[in-house]
1. With the condition kept exactly as written, say whether any residue in the range 156-165 is more than 21 Å from residue 70 (Cβ to Cβ), without any contact (Cβ under 8 Å) to a residue 40 or more places away in the chain and surrounded by 13 or more Cβ atoms within 10 Å (Cβ to Cβ).
2. Given the range 49-133, what strands (runs of 3 or more DSSP E) lie entirely inside it while holding 1 or more residues that are within 16 Å of residue 161 (Cα to Cα) and more than 21 Å from the chain's Cα centre (by Cα)?
3. I'm checking my understanding of the structure. Among residues of the range 135-152 that are crowded, with 16+ Cβ neighbours inside 10 Å, under 18 Å from residue 105 (Cα atoms) and without any contact (Cβ under 8 Å) to a residue 40 or more places away in the chain, which one is nearest to the chain's Cα centre (by Cα)?
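Nothing in this text is a laboratory measurement; each read-out follows from the coordinates by a stated rule. Because the structure is a prediction, the values reported are computed rather than measured. Here Cβ is always computed from backbone atoms with ideal geometry, including for glycine, and neighbour counts include all displayed protein chains.
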């Protein structure tokens, strides 16, 4: 009897070892999952293979850093909507937006951007292209004040041009 128990224990042990890399819980298909909220814009995104969109967005950040905002005609649409982290927003022509950005950029002696992550997405049901950028920005004002924060921006592009930017800011502990 003791031998039989040891035999079954050994078999049980072997079967447990063989299944250790496999999930024993069946995962339902995404169609059978009921979400607690319905997204009002889209829940159907795929990674976009259009690397040009990410390149355009990142070039806009590089041009901000290098104070070359006049290059904005290459990547901004004729009209751009921007929502800032403080809740303020504006919808301006590209030229007016570049003028507003330049005025603020002129108050800085330098700015440094460190990109943490870039996501290049395509909303399938809306047929819309988005580039998300997570980054740390350190601004040095001409007054000597230094300000740093983490940002997460959502950039919507149409025909390869940025038409919408939503920026969220997380301040750093001092």
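1. Yes, the range 156-165 has at least one match.
2. Of the strands (runs of 3 or more DSSP E) lying wholly inside the range 49-133, those with at least 1 residues that are within 16 Å of residue 161 (Cα to Cα) and more than 21 Å from the chain's Cα centre (by Cα) span 76-83, 89-93.
3. If we take residues in the range 135-152 being crowded, with 16+ Cβ neighbours inside 10 Å, under 18 Å from residue 105 (Cα atoms) and without any contact (Cβ under 8 Å) to a residue 40 or more places away in the chain, then 137 is nearest to the chain's Cα centre (by Cα).
Conditions (1) within 22 Å of residue 145 (Cα to Cα); (2) surrounded by fewer than 16 Cβ atoms within 10 Å (Cβ to Cβ); (3) in contact with a strand residue (DSSP E or B) (Cβ under 9 Å, 6 or more places away or on another chain), marked per residue:
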| site | (1), (2), (3) |
| --- | --- |
| 64 | yes, no, yes |
| 70 | no, yes, no |
| 77 | no, no, yes |
| 84 | yes, yes, yes |
| 117 | no, yes, yes |
| 122 | no, no, yes |
